[in-house]
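Student: Structure incoming, see below.
Laboratory data are not the source of any read-out in this text; all were calculated from the coordinates shown. Being a predicted model, the structure only gives us computed values, none of them experimental. Positions of Cβ are backbone-derived with ideal geometry, glycine not excepted, and every protein chain shown enters the neighbour counts.
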């Protein structure tokens with residue numbers, strides 16, 4: 001008697017459903033393990049997409065030079081980088097002249113969010129905010145890193161040269177200070193100084209946890225910021241490489257800077273050079289570690305679930321000894337018995353994997369609803385991997401019970417009470 005695959009699957013599902021409560025308890029570890037991995041993967045995938053878009057907006061051919069690694073607005077500086085010499089404005093001109101692979105450069109001055117123990121505050125009549133980032137930019141920056149305007153215009157080279165008291169507002173800070181949407185032409189007081197708003201940027205794309213820092217940024221002309229904060233030297237130079245020559249430009253800038261700053265041969269760079277894809281790779285290395293930890297933790301649940309499946313399948317073989325004897329007596333082959341019990345084990349763990357994915361999707365949707373700023377998306381690879389792993393666990397841990405069932409002597413099995 002030969003049993004088809006369809007009949008085996010049907011019998012396996014029927015056996016699982018007939019003991020559904022016991023089956024659910026058996027695969028609970030698998031459900032938890034798959035839920036954990038898929039949920040973490042979903043949140044990290046959404047987060048990565050936002051970060052990729054954010055850095056793509058900075059320009060794929062751009063190279064960023066700063067004194068320290070990380071966000072220029074971050075007040076924390078790694079101890080080994082604190083004694084580094086500051087980046088000087090003249091470096092931008094040196095790079096433009098001596099690096100043939102560089103198309104153009106621009107300079108930005110970052111103002112600390114807290115000065116003298118007090119946070120910077122932006123004020124207008126009836127509203128104020130200390131959730132701001134103040135940056136002095138050269139007009140070249142808008143050509144190198146284009147940004148859409150929601151209203152108004154950018155400041156000009158002439159306004160930058162004469163240090164005009166003008167400002168550009170990020171989308172979020174403009175909404176906070178001017179909820180009526182009419183910011184252009186009005187004045188805003190930033191850290192005690194008044195500026196006329198020339199324009200408001202459109203909402204930025206991408207970001208960290210759904211938030212993009214440039215939406216809270218107040219951009220002043222570089223010369224204006226230098227005169228207002230002469231004590232600051234937190235400069236960042238952006239260099240745009242010619243098409244297809246970014247790596248060459250990177251190496252040229254690194255070589256020139258080491259000479260200009262008299263960095264001894266063999267010593268590490270005493271400055272930070274970065275590109276958008278380098279930053280994304282750093283993020284991937286961190287998230288990769290998080291995924292590995294989550295896999296290790298959920299692996300314990302999968303192991304417990306697998307052992308539970310083996311145990312329940314051994315019990316099932318004992319309970320159905322007479323059934324196995326009858327099937328063998330009417331012509332069932334060993335391979336038919338093995339296939340039947342393997343199908344049952346895989347159906348059991350596959351159902352656990354399916355439930356885990358359903359819970360993971362629900363949890364991802366719940367996180368997205370409770371924390372809209374945290375992007376989340378369930379990746380197809382995580383779903384397919386979760387199902388594949390759960391079925392593979394059933395195949396692995398169900399092999400011994402299936403082989404044991406196939407080896408039963410039909411005469412002895414028929415006598416079993």
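Student: Taking 7 Å along the Cα-to-C-beta vector as the label spot, tell me the residue 334-residue 370 distance in nanometres, rounded to one decimal.
Tutor: 5.3 nm
Student: Give me the one-decimal nm value for the distance between modelled label points at residue 114 and residue 261, 7 Å along each residue's Cα-to-Cβ direction.
Tutor: It works out to 2.6 nm between the two label points.
Student: Let me ask you something else. Counting other beta carbons within 10 Å of each residue's own, what order do 158, 254 fall into, fewest first?
Tutor: Going from least to most buried by this count: 158, 254.
Student: Pairs of Cα atoms under 8 Å, at least six residues apart: use those to get the relative contact order of the stretch 166-298, whole percent.
Tutor: Computed over the stretch 166-298, the figure is 20 percent.
Student: Arranged by the count of other C-beta atoms within 10 angstrom, fewest first, what order do 173, 393, 256, 297 take?
Tutor: 297, 256, 173, 393
Student: Report the gain in length on full extension from residue 203 to residue 153: 0.36 nm times residue separation, minus Cα-Cα distance, nm rounded to one decimal.
Tutor: Once the chain is fully extended between residue 203 and residue 153, it gains 16.5 nm.
Student: How do 66, 41, 113 rank when sorted from fewest to most other Cβ atoms within 10 Å of their own Cβ? Could you put the intermediate results ahead of the total?
Tutor: On the way: 66 22, 41 25, 113 16.
Lowest count first: 113, 66, 41.
Student: Also: Under 20 °C and 1.002 mPa s, how fast does the stretch 61-275 diffuse according to Stokes-Einstein, given a Kirkwood radius computed over C-alpha pairs? Answer in µm²/s, whole number.
Tutor: Estimated diffusion coefficient is 118 µm²/s.
Student: Here is a follow-up. Taking R0 as 51 Å, what's the FRET efficiency between residue 98 and residue 361 from their Cβ-Cβ distance, rounded to 0.05? Intermediate values should be presented prior to the final figure.
Tutor: On the way: r = 55 Å, r/R0 = 1.07.
Rounded to the nearest 0.05, the efficiency is 0.40.
Student: Moving to a separate point now. Find how much the distance from residue 380 to residue 326 grows on full extension, using 0.36 nm per residue of separation minus their present alpha carbon separation; answer in nm with one decimal.
Tutor: 15.1 nm
Student: Using Cα pairs closer than 8 Å and at least 6 residues apart in sequence, work out the relative contact order for the stretch 61-275, in percent. Mind showing how you got there, number by number?
Tutor: Working: 424 pairs, mean separation 76.4, N = 215.
36 percent.
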